[in-house]
Amino acid sequence: MWTLPSTFDILLIHIEAWAFLLNENERNPAGSPQKLFLGGTYCKYVADLIEKPGNEKILSELCVCLNYGVKDVNGVQSLKDCNMIFAPVLIEDPKPYYLFVISMKDKSVYFFDNMLLEPKEMEQRKKSYSVLCSSLEKLLKNMDNIHHEDIKSFKFIPVGGNWKRGAYDKDCCVYLMMLMMVFHGVETVQDGVGIFDFDPLADEDFRKFLRACICGTIVLSDLNCYRDEYLKRMVAFRKYRKQDVLDALIKQREELTQKYINDASKIEIVARNSSARKSKHVETKDEAETDVNVEGKGRGKGGRRTRGGRRGKARGRGASRG
C-alpha cells in the first residue's frame, strides 16, 4: 500500500483489488451481474497483440486470462444480464491508465483518458480496444450475452469533463478507479465527445483524499485476509499518534518563527489575527503559515514555545479528532 501516497503511481495490483471489490457489490444469487469490472492483468496480452496482430497463441492466452478472471476469480456464472463492462488498460510507459466502458444499453464504447491525445495516439487507443474486443466477444458469447456480435460495431465515444487535466500525472489511476465506481452514462454528447463531470476528481487536493479513501476501502474490506492484522497495527499506531502530531506541529511553528523572524508584515498579520484564532479549533493552511510566535521573536529554532501557543494547538487536535 505504500504506492498509494500522492507521490507514487498506483500499481496494477491495486486495480485488480478495486475491480474485485466492485464486482462483489454486483454479486447476486443468479450469478449474472449487471456490471462487470475487469482488473487489467490481460493488458500485457493486448500490448503483445498490438505488436503482433493476429498471433493465435497470444490471442488464445488473452481469452484464457479473461475467462479465468471473470469465472474463477470473481465467480461470475453468466453475463446474460450484463449491460456494462469496465475495462482498464495499461500498455505504455510512463503509466497512463485509460478506461473503456462498453455499454450494451447505449450500444457505445466510452473512452476515458485524462490526457489530451494527438490523432495518432487516439488511433493507438482504438487499436487496443479492437484487440480486446475480439476476446470480449468470445467471452460474452460463452456466457450467454446476446450482444456479443454487436460490440465491434458499437460507437466509439471519447469522454471529457471537469476532471480532465490534459496531461499525464500520477493521479491517472485515481481518475480511472473513481470513474469505474461512479460512471453510469454520459450526460450529453457534444461534437462526438461525451460529457461526464465529477467534481471530486477536479480538485488536486481532494484527489489525495480519494487515494486515502481507496486505500482504506481495500485494506479494511472484509475480503482482505490480512484485515485483522492491519487493525491491530492501527490500534497501536493511535496510542502514539497524538504526541507525534503535536511534536510535528511544534517543530513546524519553530521553523516558521525562524523563517519570518525579521518580517514585520508577518508579525503584524499575527497580531491582527491571533485573538480571532484563539476562539477557533482548527487553523487554516494560510494561518499556519503566518502564525509566528511574537513572544518568541529572536529565539530561533531552539526557542521555548509559549504556553498559550501549545494550548491553542491542543484545542485544534481535540476538535479535529472529535
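Quick one: what do you get for the stretch 12-219 if you divide its Cα Rg by 2.2 N^0.38 Å? Working it through for the stretch 12-219, the quotient is 0.97.
Excluding Ile146 itself, calculate the net charge of residues whose Cβ lies under 14 Å from the Cβ of Ile146, where each Lys or Arg counts +1 and each Asp or Glu counts -1.
-1
Kindly rank 106-115, 35-44, 65-74 from highest to lowest mean number of other beta carbons found within 10 Å of each residue.
35-44, 106-115, 65-74
For Met104, the amide hydrogen comes within under 5 Å of the amide hydrogens of Met84, Ile85, counting only partners 5 or more places away or on other chains and with H modelled in the peptide plane. Just to confirm a number: summing +1 for Lys and Arg and -1 for Asp and Glu over residues other than Leu136 whose beta-carbon lies under 12 angstrom from that of Leu136, what do you get? Taking every Cβ under 12 Å from that of Leu136, the sum is 0.
Could you rank the peptides 152-158, 212-218 by their average count of other C-beta atoms within 10 Å per residue, with the highest value first?
The densest-packed peptide leads the list: 212-218, 152-158.
Each part gets one Cα centre, and for the stretch 74-131 versus the stretch 197-213 those centres are 22 Å apart.
Placing unit charges on the Cβ atoms only, positive for Lys and Arg and negative for Asp and Glu, gives the stretch 12-219 a dipole magnitude near 360 debye about its Cα centre.
Residues Asp169, Asp150, ranked from the fewest to the most other C-beta atoms within 10 Å, line up as Asp150, Asp169.
Most simply put, the stretch 36-194 has about 60% antiparallel DSSP beta bridges, counting only bridges with both residues inside it.
Based on the Cβ-Cβ distance from Asn142 to Asn25, what FRET efficiency comes out when R0 is 30 Å, to the nearest 0.05?
Efficiency at R0 = 30 Å is approximately 0.80.
Taken together, the values in this text are just the output of simple stated rules run on the coordinates, not laboratory data. Remember, predicted model here, so these are calculated numbers, not experimental data. We place every Cβ from the backbone using ideal geometry, glycine too, and count neighbours over all the protein chains shown.
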